[in-house]
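Before any comments, here is the structure.
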Amino acid sequence: MIDVKDLTMHYGGFVALTGVSFQAREKEILGLLGPNGAGKTTAMRILTTYLYPTSGTAKVDGHDILEHPEEVRKRIGYLPETAPLYPDMQVEEYLQFVGSARGLSKSALIARLRWVREACGLEAVWKHTVNELSKGYRQRTGLAQALIHDPKVLILDEPTSGLDPLQIIGIRDLIKQLAKEKTIIFSTHILQEVEAVADRVVIINEGKIVAQGTQKELAEEVRTRGHQKSDLNLEDIFISLLMPKKREKQSV
Ligand SMILES: Nc1ncnc2c1ncn2[C@@H]1O[C@H](COP(=O)(O)OP(=O)(O)O)[C@@H](O)[C@H]1O
Ligand SMILES: [Mg+2]
């Protein structure tokens, strides 16, 4: 469904991504995990065609992001780090506005509005203005705008950041629910987030992929590099892959 090939991104002299390649299969939840500044947002902005890579490319549902960006956009729903909301609009008005801007016909829009209202749990705030909403409901509204045109792929940039524990659980459940019919890539710097939600993980650090696979595969990889512990969780894996030198020093 998504095939990212050898992406490199330079901001002036600064190299934000180097040789990044990964795939996401249909209806898979792929977690892009890495510390702040790793290049997660950059990779997502390239995938959603908002940013041109310096080199490399990607395909979304068979369409190249450089050759057919408009086909790619049709197939992608994007929730950026800060959801693009209009504070004075009611939730319903806002989603109507986004839906028409994405070219939905009147009847399709009515059907999709009904669907996102239920799927994103927005019934209680449907007639509220965006500035009245809690952060959790804002994020749900952000998700609803990403879903209004019924894309096959969802790209979610740190979808649970800034939410309280209950809101986090709500958004996680929603993501898992949506993955029954969508391919989802989400980014996070929080280990528990990928542990809870992702089928597969791509670990990125300083613009490079340091490992990718299922949690089980990553544990195996770390073990072959000489890690002693038998029951590795993602935190052990993360530390082992991102801070190998530090770990060596600690164990001396
Ligand atoms: N427009 C930009 N110009 C220059 N540097 C940028 C720009 N956007 C991001 N960067 C830098 O690129 C690196 C990766 O950023 P980003 O993709 O936002 O990482 P992440 O989302 O993983 O935190 C960071 O060091 C960041 O400061
Ligand atoms: Mg980011």
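Yes/no matrix, rows are residues, columns are (1) buried (at least 18 other Cβ atoms within 10 Å of the Cβ); (2) in contact with a Pro (Cβ under 9 Å, 6 or more places away or on another chain):
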site: ILE65; (1), (2): yes, yes
site: VAL72; (1), (2): yes, no
site: GLU92; (1), (2): no, no
site: LEU95; (1), (2): yes, no
site: GLU118; (1), (2): no, no
site: GLY142; (1), (2): yes, yes
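Only residues that are touching a helix residue (DSSP H, G or I) at 6+ places or on another chain (Cβ under 8 Å) and closer than 14 Å to GLY142 by Cβ: list them for segment 81-97, please.
GLU81, ALA83, PRO84, LEU85, TYR86, PRO87, MET89, VAL91, TYR94, LEU95
Scan segment 63-91 for residues that are under 17 Å from the mean Cα position of the chain (by Cα) and among the hydroxyl-bearing types (Ser, Thr, Tyr) and jot them down.
TYR78, THR82 - these are the residues of segment 63-91 that are under 17 Å from the mean Cα position of the chain (by Cα) and among the hydroxyl-bearing types (Ser, Thr, Tyr).
Look through ARG25, ARG75 and report the one residue that is basic (Lys, Arg) and closer than 20 Å to ILE209 by Cα.
Within the list ARG25, ARG75, the selection yields ARG25.
Determine which single condition ALA179 fails, assuming it passes every other condition in (1) modelled with pLDDT under 85; (2) surrounded by 16 or more Cβ atoms within 10 Å (Cβ to Cβ); (3) of a type in the set (Gly, Ala, Ser).
Status for ALA179: all satisfied but (1).
When both residues are 6+ apart or on different chains and their Cβ atoms are under 6 Å apart, which pairs have a first residue that lies in segment 1-23 and is in contact (Cβ under 8 Å) with a residue 12 or more places away in the chain and within 13 Å of MET44 (Cα to Cα), and a second that is in a loop (DSSP other than H, G, I, E, B) and within 16 Å of ligand 2 (Cβ to nearest atom)?
Listed by first residue and then by second, the contacts come to ALA16/GLY39; ALA16/GLY207; LEU17/GLY39; LEU17/GLY207.
Checking the conditions here, which among PRO159, PRO80, PRO69, PRO84 is away from ligand 1 (no atom under 16 Å from the Cβ), touching a Gly at 6+ places or on another chain (Cβ under 9 Å) and not acidic (Asp, Glu)?
PRO84 is the lone residue from the list that is away from ligand 1 (no atom under 16 Å from the Cβ), touching a Gly at 6+ places or on another chain (Cβ under 9 Å) and not acidic (Asp, Glu).
Hey, does segment 78-98 have a residue that's within 16 Å of ligand 2 (Cβ to nearest atom), small (Gly, Ala, Ser) and over 30 Å from GLU132 (Cβ atoms)? Reasoning before the result, please.
The first filter runs over segment 78-98 and keeps only residues within 16 Å of ligand 2 (Cβ to nearest atom), leaving 78-84.
Next cut, small (Gly, Ala, Ser) only: 83.
Remaining after also requiring over 30 Å from GLU132 (Cβ atoms): none.
No; the residues of segment 78-98 include none that is within 16 Å of ligand 2 (Cβ to nearest atom), small (Gly, Ala, Ser) and over 30 Å from GLU132 (Cβ atoms).
Yes/no matrix, rows are residues, columns are (1) of a type in the set (Asp, Glu); (2) modelled with pLDDT of 95 or more; (3) closer than 29 Å to THR8 by Cβ; (4) loosely packed, with under 15 Cβ neighbours inside 10 Å:
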{"site": "TYR52", "(1), (2), (3), (4)": "no, yes, yes, yes"}
{"site": "ALA58", "(1), (2), (3), (4)": "no, yes, yes, no"}
{"site": "PRO87", "(1), (2), (3), (4)": "no, no, no, yes"}
{"site": "LEU109", "(1), (2), (3), (4)": "no, yes, no, no"}
{"site": "THR129", "(1), (2), (3), (4)": "no, yes, no, no"}
{"site": "ILE155", "(1), (2), (3), (4)": "no, yes, yes, no"}
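Could you list all residues from segment 191-228 that are surrounded by 15 or more Cβ atoms within 10 Å (Cβ to Cβ) and in a loop (DSSP other than H, G, I, E, B)?
Answer for segment 191-228, where residues must be surrounded by 15 or more Cβ atoms within 10 Å (Cβ to Cβ) and in a loop (DSSP other than H, G, I, E, B): ALA198, ASP199, GLU206, GLY207, HIS227.
Applying the selection to segment 111-130, what residues are more than 18 Å from LEU154 (Cα to Cα) and out of contact with any helix residue (DSSP H, G or I) (no Cβ under 9 Å at 6 or more places or on another chain)? Explain how you work it out, then say what you get.
At the first step, the residues of segment 111-130 found to be more than 18 Å from LEU154 (Cα to Cα) are 111, 114, 122-130.
Listed by number, the residues that qualify are ALA111, ARG114.
Please find, among LEU33, LEU7, the residue that is surrounded by 15 or more Cβ atoms within 10 Å (Cβ to Cβ), within 16 Å of ligand 2 (Cβ to nearest atom) and over 30 Å from VAL130 (Cα atoms). Outline the logic, then answer.
On the way: LEU33 fails: over 30 Å from VAL130 (Cα atoms).
None of the other options fit; the residue is LEU7.
If I ask for residues that are charged (D, E, K, R) and closer than 20 Å to LEU241 by Cβ, which ones from segment 159-210 would you list? Step through it out loud before you land on a result.
Residues of segment 159-210 that are charged (D, E, K, R), as a first pass: 164, 172-173, 176, 180-182, 193, 195, 199-200, 206, 208.
Scanning segment 159-210 gives GLU193, GLU195, ASP199, ARG200, GLU206, LYS208.
Taking segment 10-30, which residues are within 16 Å of ligand 2 (Cβ to nearest atom) and of a type outside the set (A, V, I, L, M)?
If the condition is that a residue be within 16 Å of ligand 2 (Cβ to nearest atom) and of a type outside the set (A, V, I, L, M), then TYR11, PHE14 are the ones that fit.
Can you run down the residue pairs with Cβ atoms below 6 Å, 6 or more apart or on separate chains, where the first is in segment 38-51 and under 13 Å from LEU154 (Cα atoms) and near ligand 1 (Cβ under 10 Å from one of its atoms) and the partner is part of a loop (DSSP other than H, G, I, E, B) and of a type in the set (Lys, Arg)?
none
Suppose we filter segment 162-189 for residues that are more than 16 Å from ligand 1 (Cβ to nearest atom), part of a loop (DSSP other than H, G, I, E, B) and touching a residue at least 40 places away in the same chain (Cβ under 8 Å); how many remain?
So the count comes out to 4.
The values are calculated or read from the model by the stated rules, or taken from the named source; none is laboratory data. Because the structure is predicted, anything quoted here is derived from the model rather than measured. In this analysis, Cβ positions are derived from the backbone assuming ideal geometry, glycine residues included, and neighbour counts consider all displayed protein chains.
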